[in-house]
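To start, the structure under review is shown below, and the notes come after it.
The values are calculated or read from the model by the stated rules, or taken from the named source; none is laboratory data. A quick note: this is a predicted structure, and the numbers were derived from the prediction, not measured. Here the Cβ positions follow ideal geometry from the backbone for every residue, glycine too, while neighbour counts run over all protein chains shown.
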Amino acid sequence: MELFDCTLRDGGNVLGNGFPADLTERMLKGLVDCGVRYIEYGNANGIGAGEEQGKVAPLTDAQYMTLGKPLVDKARLGMFILAGNATEARVAAAAEAGLSFLRVGANAGDADKARQAVELVKKHKLEACYSLMKAYVLSPDALADEAARLQDMGVDMVTIMDSAGTMMPDEVCSYVKKMVRRVSIPVGFHGHNNLGMSVPNAVAAFREGAAIIDCGLMGMARSAGNLATEIAVAVFDRLGVRTADLNVLLRFIDEKLAPAMEKHNYRAPVVPLDLVFGLAGCHSSNTAALREASKEYGVDIFRLTMAVSAENRKNPSKDLIKQHASKLAAARCL
């Protein structure tokens with residue numbers, strides 16, 4: 001199972017229609033550094049949306065493509081494109097820029113309208129991903145049938161999009177189970193958090209065979225947001241599935257991304273340290289002692305929390321916390 005990070009596309013809705021160059025470059029590098037393989041970026045509404053729908057982003061499609069060029073050999077970078085906006089020139093430009101994939105988007109039930117777009121993507125030898133937007137407007141059986149038609153068209157990956165964040169875990173199970181049984185291509189799930197179900201829905205999708213889970217740094221996406229990438233990494237770590245380097249990711253968010261987004265009045269619903277507390281089983285009453293020892297010994301508070309909690313989750317003493325801080329400091333010097 002792999003994560004498909006949509007921060008730099010869907011998350012762009014937080015600021016309007018996309019992120020400016022500095023934030024785009026910062027997040028691209030941060031995601032690559034922590035090992036996320038699929039990264040979708042660009043105009044929040046996809047390639048061509050500035051011209052066709054008047055959804056003008058801080059940068060043009062070409063400028064976004066140029067920003068990504070230094071990293072195209074380090075991850076699978078790609079962009080979203082509404083089926084109706086796919087033209088020969090736009091798809092060719094994406095291929096020439098070195099992108100790995102284009103994700104064609106259309107509402108569930110509209111696959112036939114997307115045939116030309118899919119054919120263009122395949123013609124230019126890009127991975128043809130497909131978003132079944134508003135998937136809930138069809139029954140699980142009907143959506144699975146549509147996925148089968150898309151596979152026949154040449155689609156390489158199909159994603160069930162819970163665009164309104166309306167699905168419950170049992171519904172996700174039904175949609176994913178039916179689709180996985182109907183197609184041989186990877187099935188993904190994209191969940192919004194409107195009902196607070198982004199995590200349980202992602203877990204449900206994974207357990208029913210989803211190979212791709214969409215997510216966004218700090219939960220950034222339209223409306224109530226997506227499954228937060230950092231939470232996804234932590235939760236799947238707990239389930240025994242490594243999707244990225246959690247510590248590198250949390251450091252990036254804590255030290256670089258969160259301060260930058262604070263200037264735009266955006267804050268993550270769960271900050272990195274609280275996320276680590278949940279992962280480790282560490283009560284927040286230990287915060288002051290952990291911070292003090294982390295500062296005194298110059299060690300990473302996230303690693304310290306995990307080490308202390310591995311020994312005592314009930315009532316770790318200050319001495320125990322300092323012992324682990326000292327060990328981490330010594331190990332760093334070896």
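Can you find a residue in region 283-294 that is outside any helix (DSSP H, G or I), at pLDDT 95 or above and not assigned by TED's automatic domain parsing to the domain that holds Leu227?
Within region 283-294 (the criterion being outside any helix (DSSP H, G or I), at pLDDT 95 or above and not assigned by TED's automatic domain parsing to the domain that holds Leu227), the answer is yes, since at least one residue qualifies.
Which condition does Leu239 not pass, out of (1) closer than 30 Å to Ala258 by Cα; (2) surrounded by 20 or more Cβ atoms within 10 Å (Cβ to Cβ), if it passes all the others?
The one condition Leu239 does not meet is (2).
Which residues, taken from region 78-110, are more than 24 Å from the chain's Cα centre (by Cα), under 22 Å from Met179 (Cα atoms) and not acidic (Asp, Glu)? Spell out the reasoning first.
Residues of region 78-110 more than 24 Å from the chain's Cα centre (by Cα): 84, 87-90, 92-93, 96, 109-110.
Now narrow it down to the ones that are under 22 Å from Met179 (Cα atoms): 109-110.
Scanning region 78-110 gives a single hit, Gly109.
Looking only at region 40-47, decide whether some residue is among the aliphatic types (A, V, I, L, M), crowded, with 17+ Cβ neighbours inside 10 Å, within 19 Å of Ile213 (Cα to Cα) and at pLDDT 95 or above.
Yes, region 40-47 contains a residue that is among the aliphatic types (A, V, I, L, M), crowded, with 17+ Cβ neighbours inside 10 Å, within 19 Å of Ile213 (Cα to Cα) and at pLDDT 95 or above.
Which one is surrounded by the most Cβ atoms within 10 Å (Cβ to Cβ) among residues in region 54-99 that are of a type in the set (Val, Ile, Thr) and closer than 19 Å to Cys129 by Cα?
This residue is Ile81.
Could you identify the single residue in Asp162, Asp156, Asp152 that is modelled with pLDDT of 95 or more and either more than 22 Å from the chain's Cα centre (by Cα) or of a type in the set (Phe, Trp, Tyr) (or both)? Show your work before the answer.
Values: Asp162 fails: either more than 22 Å from the chain's Cα centre (by Cα) or of a type in the set (Phe, Trp, Tyr) (or both); Asp156 fails: either more than 22 Å from the chain's Cα centre (by Cα) or of a type in the set (Phe, Trp, Tyr) (or both).
On inspection, the qualifying residue turns out to be Asp152.
Can you spot a residue in region 51-67 that is touching a residue at least 60 places away in the same chain (Cβ under 8 Å) and not in a helix (DSSP H, G or I)?
No, region 51-67 contains no residue that is touching a residue at least 60 places away in the same chain (Cβ under 8 Å) and not in a helix (DSSP H, G or I).
Look through Val276, Val176, Val172 and report the one residue that is out of contact with any Lys or Arg (no Cβ under 7 Å at 6 or more places or on another chain), of a type outside the set (Asp, Glu), surrounded by 16 or more Cβ atoms within 10 Å (Cβ to Cβ) and not assigned by TED's automatic domain parsing to the domain that holds Leu23.
Working: Val176 fails: not assigned by TED's automatic domain parsing to the domain that holds Leu23; Val172 fails: not assigned by TED's automatic domain parsing to the domain that holds Leu23.
Residue meeting the stated conditions: Val276.
Could you grab me the full set of residues in region 4-18 that are over 12 Å from Asn226 (Cα atoms) and charged (D, E, K, R)?
Within region 4-18, none qualify.
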